[in-house]
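Novice: Let me begin by handing over the structure; questions about it come next.
The values are calculated or read from the model by the stated rules, or taken from the named source; none is laboratory data. Since the model is a prediction, treat every value here as computed from it, not as a measurement. For neighbour counting, all protein chains shown are included, and Cβ atoms are generated from backbone atoms with ideal geometry for every residue, glycine included. Accessible surface is based on the protein model in full, side chains and every heavy atom, while ligands, DNA and RNA are left aside. Shrake-Rupley method; radii C 1.70, N 1.55, O 1.52, S 1.80 Å.
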Amino acid sequence: MNRVARRPSAPWREGWLARSLTAEPGMPDWSARAIDRIHEASVRGSGHPLAEPAWSAALHDRASTIKASLERIAPTLQSLARRQFDEGFATAARRELSDAFGLDLESADLQAHWAQPLALGRLHARCVLAVFAQLIERDFDRNLARLARAAESEDAATLIGRFGFHAIDISPCADGRLAGVVDYILRVPPPVVTHIKSHAGAMFDVEETLRHWEAVELRRWRDGRPNRADEPTRYLKIGVYHFSSLEPHRDGCAAHGSDDARAAGELLLRLQQFERAVHAAHGVGAGVAILLVGVDTDTDAIRVHVPDATGACSLDRHVDAAALYASTQALDRAAAKSAIRDAVAACAGVGDDDAATEGVRWLCGYLLKNNLAQVDAVRREHGSAYAERGHTEHLIVVGDGIDEVQLRNLAFQAQMDTVEEGAADLDVGLRILGHLHAPRGLAVPVLAHCAYDAAVPGARERAELRARRLAAAVCARHVQACRDGKLVVRAAVHARAQARLDDVSADPAIEASA
């Protein structure tokens with residue numbers, strides 16, 4: 001069957017999102033609290049015809065819940081600080097911290113004396129790590145299935161199959177302002193994303209990504225998942241860089257010295273290297289495509305570097321969502337969708353009926369349409385741009401990334417197998433959070449996190465060993481900061497598909513050898 005020739009109906013041509021906003025049974029508890037906001041937003045209307053008030057309200061409600069959880073920490077510690085020399089304080093404080101944040105401390109850890117008050121900067125970091133673990137256990141409904149499906153019967157694999165792809169792999173920059181890239185900025189249903197891993201400057205490992213591609217293709221050949229290997233779909237690798245439209249020389253990508261051209265150029269080169277690696281290892285007919293996307297962290301507007309007829313991306317050729325927002329704001333919904341299709345086709349240098357490029361053009365249009373809704377939400381909630389345009393991350397995650405809780409500026413993710421391998425990413429994160437926390441006397445919280453597959457024998461034990469080694473290596477690399485109380489490191493493991501972090505006890509032998 002020729003998928004291109006039959007021209008399946010693109011989601012934005014069908015008004016699929018509007019039809020999927022009907023309530024579904026089994027909605028999670030948190031979403032029930034958003035019903036009033038959804039109704040209110042729908043009644044108020046919106047500033048753009050492609051805005052999705054209900055979807056944005058649900059995302060806003062989740063973000064508010066996450067922020068409120070973190071904002072409870074400072075008032076709690078301020079209250080403890082005022083009472084730290086009272087009789088019986090340690091026992092009472094231990095109970096309060098356990099009830100509020102699930103933080104399990106010994107009473108001895110909370111003994112204070114006028115000559116040696118509580119180390120509140122370190123205690124704050126431990127509370128941040130505990131709250132982050134609680135948020136993961138909340139198991140937020142990130143799928144938003146009732147809002148993000150073409151039809152109730154269509155799953156994520158079918159959705160991207162309509163665009164001509166069977167897997168999407170995303171490598172964003174580790175910058176915390178991109179911590180909501182899937183749920184908020186691109187608004188892609190998480191099941192659509194086969195793999196996501198953040199790196200400083202989005203500089204992903206080509207060999208590792210090649211192994212991910214091979215694993216996906218092996219499942220297609222052996223098991224027919226997510227589709228059969230003889231179906232003409234492709235594996236899409238998306239690289240996401242970022243820039244600042246308001247402070248380009250200060251608030252751009254720290255890993256690239258706030259040089260936007262360098263950030264985009266080096267990421268494009270890395271994407272091209274991956275594409276060539278697949279072809280070199282498996283032949284030029286191997287199904288792979290690349291896409292370069294930029295994010296303005298001041299507004300969340302994206303630039304999509306639409307591939308041309310040959311599949312090549314260019315730094316000088318892109319569709320800008322901010323410009324699209326302005327040019328389509330006065331149009332009706334159908335005309336705005338048509339304008340997106342026209343802009344994408346013009347950028348690709350083809351007609352809007354070009355069958356060979358139709359799938360990737362639909363995917364680009366899908367991302368742009370979703371992003372216009374996010375741009376509208378940012379404008380409605382914050383004005384023309386975010387008030388806090390720089391970094392405000394709360395913690396650093398090293399090891400395996402955690403995407404179960406997505407929120408702008410929540411965490412800087414320095415993903416790595418060893419500290420030596422990811423030293424540059426770790427140092428960037430510590431420099432950023434050090435500037436944020438040090439002036440307030442707060443320690444930088446670091447979570448050494450390793451994920452594992454519970455179905456694989458011995459996987460948990462190996463993950464625990466790796467988490468211990470990572471935590472010990474971070475402390476060894478920044479030994480003085482740990483001694484001075486400027487760095488707090490916690491090791492934990494996480495079974496994939498389970499909403500729980502399990503602490504890993506320290507191993508003195510490993511710490512001594514790190």
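Novice: Based on what the data block shows, is GLU381 open to solvent by less than 20 Å² (accessible area, probe 1.4 Å) and acidic (Asp, Glu)?
Specialist: Considered against the rule, which asks whether it is open to solvent by less than 20 Å² (accessible area, probe 1.4 Å) and acidic (Asp, Glu), GLU381 comes out as no.
Novice: Given the criterion open to solvent by 40 Å² or more (accessible area, probe 1.4 Å) and more than 21 Å from GLU208 (Cα to Cα), identify the matching residue among GLY441, GLY429.
Specialist: Checking each option against the conditions leaves just GLY441.
Novice: Hey, another quick one. Considering only residues of the stretch 160-180 that are open to solvent by 10 Å² or more (accessible area, probe 1.4 Å), of a type outside the set (Lys, Arg) and part of a loop (DSSP other than H, G, I, E, B), which is nearest to TRP213 (Cα to Cα)?
Specialist: Looking at the filtered set, the residue picked out is GLY164.
Novice: Restricting to the stretch 104-142, and then to whatever is open to solvent by 60 Å² or more (accessible area, probe 1.4 Å) and under 27 Å from the mean Cα position of the chain (by Cα), can you tell me which residue is modelled with the lowest pLDDT?
Specialist: ASP139
Novice: If you don't mind, there's one more thing I want to ask. Might you check whether a residue that is open to solvent by 30 Å² or more (accessible area, probe 1.4 Å), of a type in the set (Val, Ile, Thr) and over 22 Å from ALA57 (Cα atoms) occurs anywhere in the stretch 354-374?
Specialist: no
Novice: Modelled with pLDDT under 95 and in contact with an Asp or Glu (Cβ under 7 Å, 6 or more places away or on another chain) - does that describe any residue in the stretch 158-168?
Specialist: Checked the stretch 158-168: no residue is modelled with pLDDT under 95 and in contact with an Asp or Glu (Cβ under 7 Å, 6 or more places away or on another chain).
Matching residues to (1) part of a strand (DSSP E or B); (2) of a type in the set (A, V, I, L, M); (3) under 16 Å from VAL128 (Cα atoms):
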| position | (1), (2), (3) |
| --- | --- |
| VAL397 | yes, yes, yes |
| VAL405 | no, yes, yes |
| PHE412 | yes, no, yes |
| ARG431 | no, no, no |
| GLY434 | no, no, yes |
| LEU442 | no, yes, yes |
| VAL446 | yes, yes, yes |
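Novice: Which number in (1) loosely packed, with under 14 Cβ neighbours inside 10 Å; (2) within 26 Å of the chain's Cα centre (by Cα) marks the one condition that ASP332 misses?
Specialist: (2)
Novice: Only one of (1) within 30 Å of ASP61 (Cβ to Cβ); (2) surrounded by fewer than 20 Cβ atoms within 10 Å (Cβ to Cβ); (3) of a type in the set (A, V, I, L, M) is not met by LEU501, so which one is it?
Specialist: Condition not satisfied by LEU501: (2).
Novice: Applying the selection to the stretch 207-240, what residues are within 19 Å of LEU268 (Cα to Cα) and open to solvent by less than 20 Å² (accessible area, probe 1.4 Å)?
Specialist: THR209, TRP213, TYR235, LEU236, LYS237, ILE238, GLY239, VAL240
Novice: Let me ask something else. Which is in contact with a Lys or Arg (Cβ under 6 Å, 6 or more places away or on another chain) and of a type in the set (Asp, Glu), of ASP251, ASP259?
Specialist: Only one candidate passes the filter, namely ASP251.
Novice: Now for a different question. For the stretch 306-313, state whether one or more residues are at positive phi and either part of a loop (DSSP other than H, G, I, E, B) or surrounded by 20 or more Cβ atoms within 10 Å (Cβ to Cβ) (or both).
Specialist: Yes, because at least one residue in the stretch 306-313 is at positive phi and either part of a loop (DSSP other than H, G, I, E, B) or surrounded by 20 or more Cβ atoms within 10 Å (Cβ to Cβ) (or both).
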